[in-house]
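Coordinate-derived values only; no laboratory data. Just so it is clear, the model here is predicted, and its values are computed rather than measured. A quick note on method: Cβ atoms are made from the backbone with ideal geometry, for glycine too, and the neighbour counts reach across all protein chains shown.
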Amino acid sequence: METLLGRRRADFLVEWPSADTLCKQKFSSPRCEAHKLVQRLADGNRCGSTVCPGKSTPMINPLKEVEVNRFVLRHPRVTEALADMCIAQITDIHLGRWVKPRHLLQIVEFVNEHEPHLVALTGDYVGYNTDDIAPCIQTLGELEPPTYAVLGNHDHWASTEQTQNEFERAEIPLLTNERVRFAHGDTEITVVGVDDHVTRHADVEAAFDGHEDEGFCLTLNHVPAVAPACAEKGSHLILSGHTHGFQFNVPGVTHKIAESFGTEYYAGPYRLGESYLYISRGLGSASWPWRIRAKPEITFFDLRPSKEIHLELVESETMSVKHRP
């Protein structure tokens, strides 16, 4: 497993420098072409110029506009009893400097209105400030559907114990390398939660210990690096975050940046054998606020029975978040 996980360094840790650092630091390493591009984007935002002559480069503040994506997952392990099941994913909130409780509450209310059957929270609820933990998780406690959560690297860095305690107060089950059975109508699915890989708390073996062929299996984990191992253990849908989609999406460039970090997984869906990994771009940011063609995201997944395995985007809309109190 160490070899499998070690191949994808970007999934092990992707932390951007601060905005001020981006605007001041000069990069000289041959591997830093990606960072030079980000520096130009940052400089362009400050001076009002654009990266490409004749083309605008929109800088999107987190949670000003949120992309709402709805997918249909067709899979042989989805029975007729699961045919109406909907799963929502919220990740990488990073409550603090740019994302406030009032912004998150709008997201929570939006999800409640769409009435998913289960909500998956996949880590990084705050940045670094322990004072943000309680307001964030208390707001998430307003989610009406059954909700499960896992921790991300920032949650361990801020305070593992305090985060665990707040989830307990909010009555949201926190899955720490373990699995549960979730009832949906007359049937059940397995929900697996894998702890954070960056801080070396992930234990895929423990999370899937005793897992057998029990129908459809959903896995929540923060860092995509553990996804291949989860797929090998029998998970059918793996929901991750962590990367923020690199917070910018430049055709012909972003995937090369991912390759330079040794990963092919950074945003969106990936087929892994009989499983699908989905990496959400998340809502917030801990280091710098700008997003270029990589809007904040919440995602819904509708399960459908099928002889084939296929994940299809069926609807995409933009949700506007009010920033005035």
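Rg then Dmax, both in Å and based on the Cα atoms of segment 231-325: 15.2, 49. Derived from the Cα gyration tensor, the three semi-axes of the equivalent ellipsoid of segment 202-248 are 23, 11, 7 Å, largest first. Computed over segment 65-320, the quotient of the alpha carbon radius of gyration and 2.2 N^0.38 Å is 0.93. Over all other residues within a Cβ to Cβ distance under 15 Å of A81, the charged ones net out to -3, with Lys and Arg as +1 and Asp and Glu as -1.
With Cβ to Cβ distances under 12 Å as the rule, what net charge do the other residues near D132 carry (K, R +1; D, E -1)? Net charge in that neighbourhood comes out at -2.
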